[in-house]
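Structure first, then comments.
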Amino acid sequence: MLWIPPLGWEVGYFFWGWFVDHFAARNERPSWLFFTLALLSLPLVTMARFSNSAIVLALMFWSMFISSGFVVAALRTSAFAYPREQAGPRRRNRLRFLVRAARDGAAEPGTYVRRETLRKRFSLLRGWCLSWERSAGGR
C-alpha cells in the first residue's frame, strides 16, 4: 500500500508535463497555474480528520500528484527565466540534469540515508522510552 502515494507523484509528472505543454506553453509566468495548484492542494488539510486508511492513502496520492505539478511548472518557468542567448550549453545541461534527476529518482541514495538514520534514532528513542517505562513500574 505504501507504493500508492509515490505513484501519484509519477503519474503527476506525466499529467502535469502534458498540461503545462498544452495550456501554459506561451505563458512565461503562469501564476494562474500555481494558484490553481495551491487550491487543489487544500484537501490535504483534512487528512487528520479521517481514520479510514483508504481515504488517507487517496489524499496522500492526491497531494503527491499535485506536488509534482508544482515541480513541473517551476522547472518549466525557470527554463524561460534566461534568454536563449544566455542559456549556453552549460546552463541547458544543468537544467537537463535537474529534470533527469527528478525523473529518474536520483535523490534515492540521499533519501535512503536519511530514512535509515531516522529509523535508527527512533529505534533508540523507542528502546529508551520502553526501558524508562519498565523502570517506572509500567508493563
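From the list Asn52, Asn93, the one residue that fits, being modelled with pLDDT of 75 or more, exposed (fewer than 15 other Cβ atoms within 10 Å of the Cβ) and either assigned by TED's automatic domain parsing to the domain that holds Ala25 or farther than 17 Å from Leu2 by Cβ (or both), is Asn52. Check the range 64-77 and report whether any residue there is within 16 Å of Gly12 (Cα to Cα), of a type in the set (Phe, Trp, Tyr) and out of contact with any strand residue (DSSP E or B) (no Cβ under 9 Å at 6 or more places or on another chain). Yes, the range 64-77 contains at least one residue that is within 16 Å of Gly12 (Cα to Cα), of a type in the set (Phe, Trp, Tyr) and out of contact with any strand residue (DSSP E or B) (no Cβ under 9 Å at 6 or more places or on another chain).
As for the range 23-45, it holds at least one residue that is hydrophobic (A, V, I, L, M, F, W, C), assigned to a loop (DSSP other than H, G, I, E, B) and over 15 Å from the mean Cα position of the chain (by Cα).
The values are calculated or read from the model by the stated rules, or taken from the named source; none is laboratory data. Predicted model only: the values in this text are computed from it and were never measured. Note that each Cβ is placed from the backbone with ideal geometry, even for glycine, and that neighbours are counted across all protein chains shown.
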